[in-house]
Each structure stands twice: as C-alpha cells, then as structure tokens.
Amino acid sequence: MTAPVTRPESRAFFALAAAAVVGLVMSGLGGCTPASSSDDDGATASPTPAPVALEPTLADAAPDGFFVGVTTGGGGHLGGPSPQDDPANAELVAAQFSSVTPENAAKWEVLRPAQDTFDFDAFDAVVEAAEANGQRVRGHTLLWHSQNPAWLKSGTFTPDQMRELLHEHIATVVGRYAGRVAAWDVANEIFTDEGVLRQENPFIAALGVGIVGDAIRWAHEADPEAKLFLNDFDVETPGPKVDAYLALIADLQAQGVPIDGMGLQGHLSTQYGRPKQLQSVIEKFAALDLDVEITELDVRMPVSGDGPSKADLLGQAQYYADVAAACMAVERCTGITVWGVSDKNSWVPFTFPGEGAALMFDEDLAPKPAFEAFRETLAEGRG
Ligand code: G3I
C-alpha cells in the first residue's frame, strides 16, 4: 500500500524557520515589513532584512517538465483593477510561472452570454498572453454546476437538448483552442463530499453520470492531444469523495474513455490542518495510470485587522511546502497551480468573510514565507 508523505517537515521549512528566528525573512510579510532594526519581540536588534529575492523563479526552481501554474483572467474581487490589468501582477505571472489557468475566463457564463453566442475575448487574451510568455494553458472548465449563464439556468431544455448543448459547447471551445490549450478540466466538482453525484449540475441532472464519459470523448475528438482531467476540491484526504472518483475513473477506463488525469484543487485552510495524506491520494490516482495535478492551491487563514502574524505566515508556509513535497514525491504528479498571484485579488475573502491571506504574495505583491518554502521544496526535486 501507499507510503505516507515522507518529507512533510521539509528542509525548506526548517531553513525558513531558522531564518525567521534571526529575522532574515520577515521583509516579505504583507504590510508588516519592519521599519526599525528591532524584531517584534523587541528582544534583539538586528539589521534591516534584505528583500526576498524573486530569483530563482518558481518555474526555474522546479525540475524540468514540472509545471508551476497560476490563474489569470478572473479575480478582481476586492475592488480596484482586475489583476490581469495590473502590470506588477502581470510581471509576476510572466516571470514566476510556467503554466496558466483562466480563473473565470473559460467558464460558461463568460463564453456563452447567450445560447447562440460565444464570446472568446477574455479567454483569447489569457491564451495569447500565455503564448507570449511561453507558458502552458490549462482550460477550466467545460461541465460544472456553477457559473453557468442565466439562459441555461432558467431555460427549459429536454435531455436531448442538454446533450446537444454540451456537445456543441465542447466541440466549439476545445476545437477553437486545439493545440494551444494543453489540458482541460473537462468536468469539475461532480461529486459531493459524500461521494454522491451533484444533482445541481444541470447536465448530470438531465443525463446522469454517462454524460461525463461523453464529455471526455467529445473533448478528445475536438483536440486529441489535449490532456483531459476531472477536477475537484476536498480530495486531498482519503474518503468517500476520493473513492467515488477512483471508482468512476476505473469505470470510464473500462469503457475506453480517454481520461488522462485527476486534478486535486488544494483549497486548504490552516483551520483544518495540514494535508498529511496528500501523497497517498496522489498515488492512488497515479496507480490508475493517470497524471495528477494540484490545480487550485491556496491556503487561507482567519485574518483580523492587524493582518497575519509571523507565526501565521510561517505556519502557512509549511502547508505550501507540504503540498510541493507530496506532489514532487510522485512521478505522475506533473504540476501545481496556485489560485491567484496575490492576496490583493484572491477569491477567498469574497467567499469566506474573515478569512484570507491565502496566496504566496501579499496585498503589496511582496513574497511571503510561503513563496520561499514552496520554491525551496520545488528546488529539492523529486523525492
Ligand atoms: O464580475 C462580477 C463583478 O461585476 C462584480 O462587481 C463582482 C462583485 O459582486 O462580482 C463579479 O463576479 C464574481 C466573479 O468571481 C469575478 O470576480 C462572482 O460574483 C463570483 O462568484 C466569482 O467567483 C468565482 C468562483 O469560482 C465562483 O464559483 C471566483 O472568481 C473563482 O476564483 C472561483 O473559482 C473556483 C474554481 O472555478 C473551481 N474550484 C473552486 C474555485 C474557488 O471557488
């Protein structure tokens, strides 16, 4: 059976914690860069810390062929310009990452403003920017219960019509980006945490589980080279939801459905503890001859007016290191994507009031301890 994560207390974390003790890493803490030479405890005077170097980049630190991804084409939840219109954000995207996922730009509500209308502007911009930066694109997503357009949600369609709508959507969208979008989250979040098919997904409600295999087949017809994934949250720990995916994938494979991978989103919270069994879950999917990716990593925490403490940020850094170590330990784990560049634009405070600070760069786009821990663990290479 599967060995547990062998490197949870990674060298990266110990180096980071040691550096924190002597006050060397705190220059990257969001909004709390010390102006004086005293640390927060006022115990010892120390030199003003040097800024955290952004090089080597995350993409450079990772082994060849391992994707370090980020979202563009979405966000803007906290007001101000959208992240993709912010040059400093764009610079980090271009420099640090080797893969891009559209946060919202390839969802039905954006691509399908009306039943007979496709609007590709936002997704085109994501793909063109990624190509200019030499980055891979992961498409997200074709079959989901959320962010569907009003005309689809409120319309009345027969099962045959729903099937034809989805077929047309997949053929058109995947076909348009054939050869340019390397992987697709074909179906997103189709099971509840109890491992039951989500009936709020209108396609599953109308057509049953068989539509998942059809969606993958249609995507394969539209772009035979694209890697085709299922994707979900709360699958970082063994349980009924993981079991439901393993059973479904085995069934799809038995039918000859060309499924290539499983995406584990990785929306973590310091309130719920570190994902200590993540490596074993990755291995379960890899054992089905699948690629596995961490597709939407972030690590939220409760935040108050003072912002996160040093201890909070160091604790968060360990989560990022853990996820990188678990993925790096399994050869078929081919990449990690973070769900946003900085805390300035994360979806988290919008959805979970009172929580935030979930990403590796703070609201001023300065790197946090998580950045260093993640980078150092990537640099340690495959375990
Ligand atoms: O576009 C409107 C804008 O006009 C309005 O001013 C603003 C404030 O109300 O809302 C904007 O739309 C929001 C949109 O994000 C863009 O900011 C929607 O209300 C909001 O619901 C939407 O949230 C997205 C969420 O999916 C919806 O389910 C997040 O950006 C996006 O990060 C999130 O991504 C999902 C993945 O696709 C699947 N896995 C979970 C992940 C996090 O929920």
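The values are calculated or read from the model by the stated rules, or taken from the named source; none is laboratory data. The structure displayed is predicted, hence computed values, not measured ones. Reconstructed Cβ throughout: ideal geometry from the backbone, glycine too, with neighbour counts over all protein chains shown.
Can you confirm whether region 291-303 contains a residue that is buried (at least 23 other Cβ atoms within 10 Å of the Cβ), away from the ligand (no atom under 16 Å from the Cβ) and not charged (D, E, K, R)?
Of region 291-303, the ones buried (at least 23 other Cβ atoms within 10 Å of the Cβ) are 292-300.
In the following step, the residues that additionally are away from the ligand (no atom under 16 Å from the Cβ) were identified as 292.
Adding the requirement that they be not charged (D, E, K, R) leaves 292.
There is at least one residue in region 291-303 that is buried (at least 23 other Cβ atoms within 10 Å of the Cβ), away from the ligand (no atom under 16 Å from the Cβ) and not charged (D, E, K, R).
Taking strands (runs of 3 or more DSSP E) that fall entirely within region 254-338, which contain at least 2 residues that are under 30 Å from Gly210 (Cβ atoms)? It would help to see each step written out before you state the result.
Working: elements: 261-264, 267-269, 291-302, 333-338.
Where strands (runs of 3 or more DSSP E) fall fully within region 254-338 and carry at least 2 residues being under 30 Å from Gly210 (Cβ atoms), they are 261-264, 291-302, 333-338.
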Next item on the list: State all residues of region 233-253 that are in a loop (DSSP other than H, G, I, E, B) and away from the ligand (no atom under 16 Å from the Cβ); if no residue qualifies, say none.
Entry: Thr237, Pro238, Gly239
Notebook entry, point to check: Is region 209-225 home to any residue that is within 21 Å of Gly175 (Cβ to Cβ) and of a type in the set (Lys, Arg)?
Noted result: yes
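Here's a check for you: in region 134-146, which residue that is crowded, with 18+ Cβ neighbours inside 10 Å and within 14 Å of the ligand (Cβ to nearest atom) is farthest from Arg176 (Cα to Cα)?
Among residues in region 134-146 that are crowded, with 18+ Cβ neighbours inside 10 Å and within 14 Å of the ligand (Cβ to nearest atom), the one farthest from Arg176 (Cα to Cα) is Trp144.
In region 339-350, how many are hydroxyl-bearing (Ser, Thr, Tyr) and part of a loop (DSSP other than H, G, I, E, B)? Spell out how you get there, then give the answer.
From region 339-350, those hydroxyl-bearing (Ser, Thr, Tyr) are 342, 346; that's our starting set.
Subset that is part of a loop (DSSP other than H, G, I, E, B): 346.
Qualifying residue count, region 339-350: 1.
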Note to self: Can you pull out every residue in region 62-84 that is under 13 Å from His140 (Cα atoms) and within 11 Å of the ligand (Cβ to nearest atom)?
What the structure shows: Thr71, Gly73, Gly74
Margin query: Which of the numbered conditions does Gly210 fail, given that it passes all the others? Conditions: (1) in contact with a helix residue (DSSP H, G or I) (Cβ under 9 Å, 6 or more places away or on another chain); (2) under 22 Å from Arg163 (Cα atoms).
Written below: (1)
Next item on the list: Write out, first by first residue and then by second, each pair whose Cβ atoms fall under 6 Å of each other, whose residues are 6+ apart or on separate chains, and whose first residue, in region 179-203, is over 18 Å from Gly263 (Cα atoms) and among the aromatic types (Phe, Trp, Tyr) while the second is within 15 Å of the ligand (Cβ to nearest atom) and modelled with pLDDT of 95 or more.
Entry: Phe203/Leu143
Next item on the list: Among the residues of region 271-290, count how many are surrounded by fewer than 18 Cβ atoms within 10 Å (Cβ to Cβ) and either charged (D, E, K, R) or in contact with a helix residue (DSSP H, G or I) (Cβ under 8 Å, 6 or more places away or on another chain) (or both).
Entry: 3
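If a residue has to be of a type in the set (A, V, I, L, M, F, W, C) and touching a residue at least 40 places away in the same chain (Cβ under 8 Å) to count, how many in region 98-125 make the cut?
Qualifying residue count, region 98-125: 8.
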Next item on the list: Would you point out the residue of region 254-270, among those that are within 13 Å of the ligand (Cβ to nearest atom) and aliphatic (A, V, I, L, M), that is surrounded by the fewest Cβ atoms within 10 Å (Cβ to Cβ)?
Entry: Leu268
Notebook entry, point to check: If you go through region 363-379 one residue at a time, do you hit one that is surrounded by fewer than 24 Cβ atoms within 10 Å (Cβ to Cβ), of a type outside the set (A, V, I, L, M), over 22 Å from Asp64 (Cα atoms) and away from the ligand (no atom under 13 Å from the Cβ)?
Noted result: yes
Margin query: Can you go through Ala324, Ala317 and tell me which one is away from the ligand (no atom under 16 Å from the Cβ), crowded, with 18+ Cβ neighbours inside 10 Å and under 13 Å from the mean Cα position of the chain (by Cα)?
Written below: Ala324
Next item on the list: Tell me which of these Asn345 doesn't satisfy, since it passes every other one: (1) surrounded by fewer than 19 Cβ atoms within 10 Å (Cβ to Cβ); (2) touching a helix residue (DSSP H, G or I) at 6+ places or on another chain (Cβ under 9 Å).
Entry: (1)
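Yes/no matrix, rows are residues, columns are (1) more than 30 Å from Arg375 (Cα to Cα); (2) touching a helix residue (DSSP H, G or I) at 6+ places or on another chain (Cβ under 7 Å); (3) aromatic (Phe, Trp, Tyr); (4) away from the ligand (no atom under 16 Å from the Cβ):
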residue	(1), (2), (3), (4)
Asp86	no, no, no, no
Pro102	no, yes, no, no
Gln115	yes, yes, no, yes
Phe120	yes, yes, yes, yes
Val127	no, no, no, yes
Ala132	no, no, no, yes
Asn148	yes, yes, no, no
Leu152	yes, yes, no, no
Leu166	yes, yes, no, yes
Next item on the list: Would you mention how many residues in region 166-225 are of a type in the set (S, T, N, Q) and in contact with a strand residue (DSSP E or B) (Cβ under 9 Å, 6 or more places away or on another chain)?
Entry: 2
